[in-house]
Amino acid sequence: MTQFGAMTEREANVGTKVLAFISRVFLAAIIPLIAFAVIYAGFIFLRDSNAPKWIVAVVAIIWGVGGVGLLYWVFNGIVERMPDQWTTRLQPFVFVGPAVAILIFYLAWPTLVTFRLSLLDRNGVAFVGLQNYVAAFSQRLMLESFRNNLMWILFGSTFSVISGLLVAVLADRSRWERVAKSFIFLPMAISFVGAGVIWNFIYTVRPAGVPQIGLLNAIATGLGGAPRAWYAWTDIIPWNNLFLIVIVIWLQTGFAMVLFSAALKGIPGELMEAGRIDGATEVQIFFRIMIPYIRGTVITVWTTIVIFTLKIFDVVWVMTGGQFSTEVIATQFYRQSFVARNTGYGSAIAIVLLIAVIPVMIYNLRQFREQEAF
Amino acid sequence: MGASSQRRLNVLIVNFALLLLVLIWTIPTLGIFVSSFRARNDIQSSGWWSILPHRAWETSRVIVPSELGLDPTGVMEVEGISATFEEMRAGMQDGDTRLIWIGNRRLGRIEVQERKWTVNWTFTMENYNQVLSGKDIEFTRADGTVEIVPGDNMTSAFINSLAVAIPSTIIPILIAAFAAYAFAWMRFPGRKVFFIMVVALLVVPLQIALIPILRVYNFLQLNGTFLGMWLAHTGFGLALATYLLYNYISGLPRETLESAFIDGASHFTIFTRLILPLSVPALASFAIFQFLWVWNDYLVALIFLGGDPETKVITMRLADIVGSRGNDWHLLTAGAFVTMILPLAVFFSLQRFFVRGLLAGSVKG
């Protein structure tokens with residue numbers, strides 16, 4: 001009797017366990033299905049809807065952000081309903097998986113594909129060996145782009161660093177530090193297309209005799225000179241590029257200033273005081289104490305702006321479209337890949353860009369390995 | 001010179017140099033800001049700085065030479081100035097008075113102009129109307145003829161930009177925060193390899209991904225959709241986001257988490273209830289960064305949104321005006337300011353977080 005009772009109890013136990021298992025599996029399968037159905041329905045609505053634009057935008061925002069949250073919640077729910085051992089094993093992948101998958105899909109895998117395409121012809125069919133690279137390093141426009149990009153990197157980064165440092169040092173000694181820094185920093189919020197318009201307006205030219213509405217030409221004619229189309233001034237090639245490079249200096253000085261300003265504030269006061277007591281002039285203090293102290297920051301800022309100017313695209317594309325010998329590597333990449341539709345050649349140019357940043361990548365990885373026991 | 005007066009001089013030099021730099025950095029933006037409120041004809045006929053007090057020639061009298069019996073073939077004397085026709089044609093100036101001959105030699109007239117202090121102080125919202133509106137707008141030229149000009153419909157582009165930028169900011173933050181938490185507080189196989197991948201991908205130029213991703217998008221029909229844009233911006237911003245958030249989250253005090261574990265909280269609960277609220281400063285820093293980056297982006301939009309005017313974002317619309325009407329400064333200036341207004345508002349209200357984000361790390365591919 002007792003045995004029988006125990007049996008039924010066990011059977012009942014097994015029964016509930018089986019039932020629980022089935023319902024778990026059912027839930028595990030059905031919840032993601034529902035989630036995907038909701039997300040898919042949202043996608044279809046957004047793609048085909050004729051509703052007013054702002055409604056579509058609001059739905060898009062809720063759907064996009066909510067959808068991602070929902071996915072995490074659903075997958076985590078499934079994993080937490082599993083046996084404990086499996087939860088511990090799988091949960092990290094629920095957390096880290098989407099990020100890793102997206103990084104692989106959007107950056108790592110495309111790098112390999114681009115490399116493969118760079119060895120193929122313009123349609124990505126026939127193998128052509130290194131022909132695209134040979135073209136990339138010998139065509140006149142590409143050589144011109146390399147020269148211009150070198151100017152961008154050299155002048156852009158150097159002057160951004162110098163002016164950023166200058167502002168940081170001056171602001172540090174002024175009572176108007178915060179206000180002044182805000183104004184210098186402001187261009188960082190402006191797009192390159194917007195900055196292009198701003199500077200086009202400064203460079204705009206009217207024929208001689210008509211009032212100049214561009215600031216630079218107004219100054220030039222006011223001083224008795226002739227009005228010029230500055231960046232289209234083909235007599236001074238390649239120096240006309242400087243009129244475009246100024247824009248990046250204008251944008252990036254704020255960035256350099258912020259980092260330098262924070263670094264300068266980290267210099268111990270006693271160090272400066274000791275220098276002053278020893279009779280050092282302000283200039284000596286600047287070069288002998290400040291600069292060595294913030295050397296690490298200078299390198300960081302400099303490399304960041306170098307990478308930034310290496311990939312410069314918008315400003316050239318919007319202002320000159322590469323005319324007047326202002327083409328750079330990234331505009332050549334765009335032109336070859338998406339205008340001329342020569343994927344092989346375009347990919348080779350992209351790989352050249354990648355190779356150029358590899359030293360920085362290695363430096364970053366080395367820093368990372370040194371700084372912590374990960 | 002005493003030490004204190006020397007110091008005062010130094011302070012003066014520092015402040016003056018700083019003021020000069022601030023002016024140089026501000027004047028370009030100020031120029032388009034002022035111009036965007038000036039009427040089309042004003043922008044084309046005088047520089048925006050004419051809103052400042054300046055001396056300009058104003059016609060005070062008009063003389064018909066034949067009525068005064070002047071002989072246009074010889075030297076004429078008007079208002080105490082002697083000049084020939086050719087000289088007046090070019091403008092004959094004596095002190096603050098100038099004579100200008102308008103029209104031909106036989107039937108022309110002489111304008112007597114005086115130099116006076118003036119300001120061009122007329123402003124209008126018309127440029128913004130035209131740039132923002134999706135409808136056609138009537139423009140009356142100086143000579144009275146009416147021209148129909150199409151509006152640039154930047155309102156719709158503005159909404160598109162919002163629809164692209166907001167999810168493109170929140171989605172990568174959410175995904176990166178989960179990943180950063182896992183890297184910081186969980187142990188799993190592949191942890192180190194994955195994180196090295198994150199660090200390595202920090203500086204990879206996004207150009208490298210454009211052709212392959214475009215091909216996949218063509219296949220999935222994601223081209224020209226906002227969804228495609230969100231995912232692309234998520235992909236390109238994720239490495240930096242993960243890296244920054246990892247630095248912050250791994251620095252949070254260990255005891256807080258351990259006591260939560262002892263209370264039986266799951267990772268998911270700890271993450272949503274504890275880590276996310278504690279990480280708000282880091283999340284905000286990155287959010288501003290990413291928002292400005294996406295809002296100001298041109299290249300990614302150019303490639304993945306394509307040419308459909310319905311979905312164009314605001315930078316593309318502005319670039320279109322630059323391309324098609326590069327000399328219509330009344331539109332360009334207003335349009336540029338429309339694109340800048342939101343980033344500037346974000347920037348000024350949240351500058352503190354933005355600066356913090358910059359300091360935390362600034363290497364983006």
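Summary of values
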read-out: Single residue of A:313, A:255, A:287 found to be in the same structural domain as residue A:167 (by TED's automatic domain parsing) and modelled with pLDDT of 90 or more; value: A:313
read-out: Per-region count, the range A:217-238, residues touching a Leu at 6+ places or on another chain (Cβ under 7 Å) and hydrophobic (A, V, I, L, M, F, W, C); value: 1
read-out: Criterion violated by residue B:244 - all others in (1) farther than 24 Å from residue A:115 by Cβ; (2) facing chain A (nearest Cβ under 10 Å); (3) assigned to a helix (DSSP H, G or I) satisfied; value: (2)
read-out: Residue identified as in a helix (DSSP H, G or I), more than 10 Å from every other protein chain (Cβ to nearest Cβ) and either farther than 23 Å from residue B:175 by Cβ or hydrophobic (A, V, I, L, M, F, W, C) (or both) among B:345, B:284; value: B:284
read-out: Cβ pairs under 8 Å, 6+ apart, first in the range B:295-315 and under 13 Å from residue A:313 (Cα atoms), second acidic (Asp, Glu) and assigned to a helix (DSSP H, G or I); value: B:298/A:314; B:299/A:314
read-out: Residue list for the range B:71-88, filter: touching a residue at least 12 places away in the same chain (Cβ under 8 Å), under 13 Å from residue B:105 (Cβ atoms) and either among the hydrophobic types (A, V, I, L, M, F, W, C) or surrounded by fewer than 17 Cβ atoms within 10 Å (Cβ to Cβ) (or both); value: B:73, B:76, B:85, B:88
read-out: Subset tally (residues that are in contact (Cβ under 8 Å) with a residue 12 or more places away in the chain, β-branched (Val, Ile, Thr) and either more than 7 Å from chain B (Cβ to nearest Cβ) or exposed (fewer than 12 other Cβ atoms within 10 Å of the Cβ) (or both)) for the range A:352-374; value: 1
read-out: Single match in B:273, B:317, B:356 (criterion: farther than 27 Å from residue A:361 by Cα and surrounded by fewer than 23 Cβ atoms within 10 Å (Cβ to Cβ)); value: B:273
read-out: Subset of the range B:255-268 [part of a helix (DSSP H, G or I) and surrounded by fewer than 10 Cβ atoms within 10 Å (Cβ to Cβ)]; value: B:255, B:262
read-out: Condition check for residue A:59: at pLDDT 75 or above and among the β-branched types (Val, Ile, Thr); value: yes
read-out: Among (1) surrounded by 15 or more Cβ atoms within 10 Å (Cβ to Cβ); (2) closer than 30 Å to residue A:198 by Cβ; (3) within 11 Å of another protein chain (Cβ to nearest Cβ) - the single one residue B:323 does not satisfy; value: (1)
read-out: Any hit, the range A:336-350, residues being facing chain B (nearest Cβ under 9 Å) and part of a loop (DSSP other than H, G, I, E, B); value: no
read-out: Failed item, numbered, when residue A:296 is tested on (1) surrounded by fewer than 16 Cβ atoms within 10 Å (Cβ to Cβ); (2) in contact with a Phe, Trp or Tyr (Cβ under 8 Å, 6 or more places away or on another chain); value: (2)
read-out: Counted residues, the range B:213-227 - those being under 31 Å from the mean Cα position of the chain (by Cα), surrounded by fewer than 23 Cβ atoms within 10 Å (Cβ to Cβ) and part of a helix (DSSP H, G or I); value: 3
read-out: Residues of the range A:143-175 classified as within 14 Å of another protein chain (Cβ to nearest Cβ), without any contact (Cβ under 8 Å) to a residue 12 or more places away in the chain and either assigned to a helix (DSSP H, G or I) or touching a Ser or Thr at 6+ places or on another chain (Cβ under 8 Å) (or both), total; value: 3
read-out: Top-ranked residue in the range A:201-213 [being more than 7 Å from every other protein chain (Cβ to nearest Cβ) and closer than 14 Å to residue A:319 by Cβ; ranked as surrounded by the most Cβ atoms within 10 Å (Cβ to Cβ)]; value: A:204
read-out: Per-region count, the range A:132-156, residues buried (at least 16 other Cβ atoms within 10 Å of the Cβ) and within 16 Å of residue A:115 (Cα to Cα); value: 4
read-out: Leading residue by the ranking (farthest from the other protein chains (Cβ to nearest Cβ)) among those in the range B:31-47 that are part of a helix (DSSP H, G or I), of a type outside the set (Phe, Trp, Tyr) and under 22 Å from residue A:187 (Cα atoms); value: B:34
read-out: Residue under evaluation residue A:184, criteria (1) closer than 30 Å to residue B:317 by Cβ; (2) facing chain B (nearest Cβ under 7 Å); (3) without any contact (Cβ under 8 Å) to a residue 40 or more places away in the chain, criterion not met; value: (3)
read-out: Hits in the range A:84-142 (condition: away from every other protein chain (no Cβ under 13 Å) and among the hydroxyl-bearing types (Ser, Thr, Tyr)); value: A:133, A:138
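Conditions (1) touching a residue at least 12 places away in the same chain (Cβ under 8 Å); (2) not charged (D, E, K, R), marked per residue:
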residue	(1), (2)
A:278	no, no
A:288	yes, no
A:292	no, yes
A:295	no, no
A:303	yes, yes
A:311	yes, no
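The values are calculated or read from the model by the stated rules, or taken from the named source; none is laboratory data. What you see is a predicted model, and the numbers here were worked out from it, not measured in a lab. FYI the Cβ positions are ideal-geometry reconstructions off the backbone, even for glycines, and counts take in every protein chain you see.
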